[in-house]
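Step one of this worksheet: look at the structure below.
The values are calculated or read from the model by the stated rules, or taken from the named source; none is laboratory data. Worth saying up front: this structure is predicted, and the values here are computed from it rather than measured. No Cβ is skipped: glycine too gets one built from the backbone with ideal geometry, and neighbour counts run over all protein chains shown.
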Amino acid sequence: MKKLYFLLAFVTITGLASAQDEQPPSDKKIADIEALKVAFISKDLELTTEEAQKFWPVYNQYSKELKATRKDNPDPLDRDEKVLNLRKGYKEQLTKILGPQRVNKMYNAEGRFHALLFKAMRKQNQMQTRPNRPLRRNF
């Protein structure tokens, strides 16, 4: 299952990273990553149709506020405190929809998704910067 997620993220990121010329990501690339994130979280939480209809509007609002908080707060400690408060505030709303265990599972799924995304980007970057060198040496 993890390999499937990694492969899906890697395939998408490969296209994204190969087109990088120190340009910010386009709206389409961002939308593609967001679609992967939605699929990843949906699959991990095993949402019913009814739960999804209630969950995604709340999650999308949370996601917007989270991005704005991170963007508007350059001080890391201040930003982390505000992000934590935001997560606590939305945890109550999301618990009414999913229950406490699945809300924790959602936060964990977000972290795993970002880790896979960064891993795929890092791997793609290594492949671009060292095209003639193997990624691993066999001793």
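Miscellaneous remarks
- Set 34, 92, 51: member being of a type in the set (Asp, Glu), over 17 Å from the mean Cα position of the chain (by Cα), at pLDDT below 95 and surrounded by fewer than 15 Cβ atoms within 10 Å (Cβ to Cβ): 92
- Enumeration of residues in the range 29-60 that are of a type in the set (Ser, Thr, Tyr) and closer than 21 Å to residue 104 by Cβ: 42, 48, 59
- Answer residue from the range 16-31, given it is modelled with pLDDT under 60 and part of a helix (DSSP H, G or I) and is farthest from residue 98 (Cα to Cα) among those: 18
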